[in-house]
Amino acid sequence: MLRERMRWAWAAHVFCALAASASAQGAGAIPTEAYVVREAPVEGLRLPAPDLPDLAGYTRAAVEARIGADTPATVSLRRILRQPAFKEFTGSDGRLVEWARRQPSVPRAIFVENGYMTPAMLAERVESRWFEQTSPGVYLLRLPLVVGHDATLHIDPQTRDFRMSEEGGAFLVNDGRLFVIGTRLIAWREKEDAPATFRDGSQFRPFLLSWGGTETYIVDSTVASLGYAASKSYGVSISQYSPSIVRAMDRGHPTGWLIDSTFEDNWYGFYCYEADDVVIVGNVYRDNIVYGIDPHDRSRRLIIAENEAYGTVKKHGIIVSREVNDSWIFRNRAHHNGLSGIVIDRSSVRNIVADNTSFANGSDGITIYESSDNLLWRNVAIANDRHGIRVRNSVRVRLQDNRAVANGSAGVYGHIKDLHGTDRDLVLDPFEPVVSLVVVGGQLVHNGSGPVRIDQPLSLELYDVDLLAPTRIGGLGLPGVLGRHQHRLLDLLVRQRRPVIIEPAQGGGRDT
């Protein structure tokens, strides 16, 4: 009873502080009288726990069972011009000059085709100036290496290090099947006899790229110091070919499993484009430069689970962007990243974000930008510099049983923003400056500017939420609305423990 009285007293303080915020409405804000507040029906507000994928089958043993060692592959040294696997790197952006400068002749690559290959087998078939074993189990690649669409490269546990020379312009292109198991894949600076640690985004560093129709498996391994700021050269990338090559080659979407591995000091820890059914489970993404995990355009049915993403220098720990749909992001830890911990961005829909912990990030704990119809379920956002959970220009976003504690600004913040003309890329993305939220259960505690703030919503539904302890007087900010309806809100939400809906009058509500 005492706790209930304390909660009522604090809620009264929070809501009474709203009157001061009502005068802060900017140009175009919906006026106070345009909103109504009413009791909402309880039915359908609280959802059952979402169905999450079973991770038990994603193991090293399961990956090893897929290798299917075949007859030894053939190896050849060929020019890279007019090779589909190199089309991205020999176009008008001038990168062909990069390879020509690093090789003493017309740019060439090692091609592995028609069978199975390991680094030890490859060292027996290629001149040592291009690929050699420099010490037991340590191999150094000095040319680009292509795994053909009918070949398998297995960088096996007998390989302690698979090093790719920065000076030689080496990188790895998978156009078939690639297995990296129990080893280290590292960009190498020969002059320093050390990893090619990050210096500048414009400076070439070796990278791994898997094309359309491929399979990529990285298990119990370390992948370090790969990638730079050039298309498809980001670090570890899985990408569909351009539409013209897809039509000509009849290649399906690429896929892969990345399991129980460490990715560090890469330009991007992981990137994919039009990839399907990629599994990213149990990894550590540490001190990568731009992003930790970054699935991109039109990738589907991804599993991103039980990873730790921290120390990202420039941006986010985990982000999915541009129609990354029908995916699961759960039981991850994202912390101490330059911006947000976890981001759902640009028309990425029907995703489940569940049981994640996001703390001490430079922006929000969890951010939803221009992405409707997503579920945030039982996440924890603690001590992030800005908001615990931010939702912008997105509707039908459901938050259930989340906790936002001690964040710099709001526990939950919903808002709109007209982005046309401010970001050239966003002009191409369909979105409307509208926001609606359903917030059910959970705790919003000790956040800097209050538990919840939502600007000009289509609707906000609140039910069974603990709204406690802002660190400064500002309270729950909904400009103009709560100041007018504070007594009714308190009565429904806190004393009667009934659901409340706040919406524009034209939405059909009855002003109570």
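Key figures for this structure:
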| quantity | calculated |
| --- | --- |
| Rounded to 5, percent antiparallel among DSSP beta bridges of segment 93-258 | 15 percent |
| Other-chain or far-sequence residues with amide H under 5 Å of Ile238's (modelled H) | Ser210, Tyr271, Cys272, Tyr273 |
| Cβ-Cβ FRET estimate between Arg78 and Lys314, R0 fixed at 45 Å, reported to 0.05 | 0.75 |
| Packing-based exposure ordering (other Cβ within 10 Å, fewest first) of Leu468, Leu153 | Leu468, Leu153 |
| Using a Förster distance of 51 Å, the FRET efficiency for Thr59-His420 (Cβ separation, nearest 0.05) | 0.60 |
| Nearby lysines by direct alpha-carbon distance to Lys314 (threshold 24 angstrom, same-chain neighbours under 8 apart not counted) | Lys232, Lys417 |
| 10 Å-binned pair-distance histogram of segment 164-315 (Cα, whole percent) | 12, 44, 35, 9, 0 |
| Long-range Cα-Cα pairs in segment 93-258 (distance over 22 Å), rounded percent | 39 percent |
| Label-point separation in nm, Ala229 to Asp51, each point 7 Å along Cα→Cβ | 4.4 nm |
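The numbers here are math on the coordinates, done by the rules we state, and not lab data. Nothing here was measured: the structure is a model prediction, and the numbers come from that model. Counting neighbours? That spans all protein chains shown, and the Cβs are built from the backbone with ideal geometry, glycine included.
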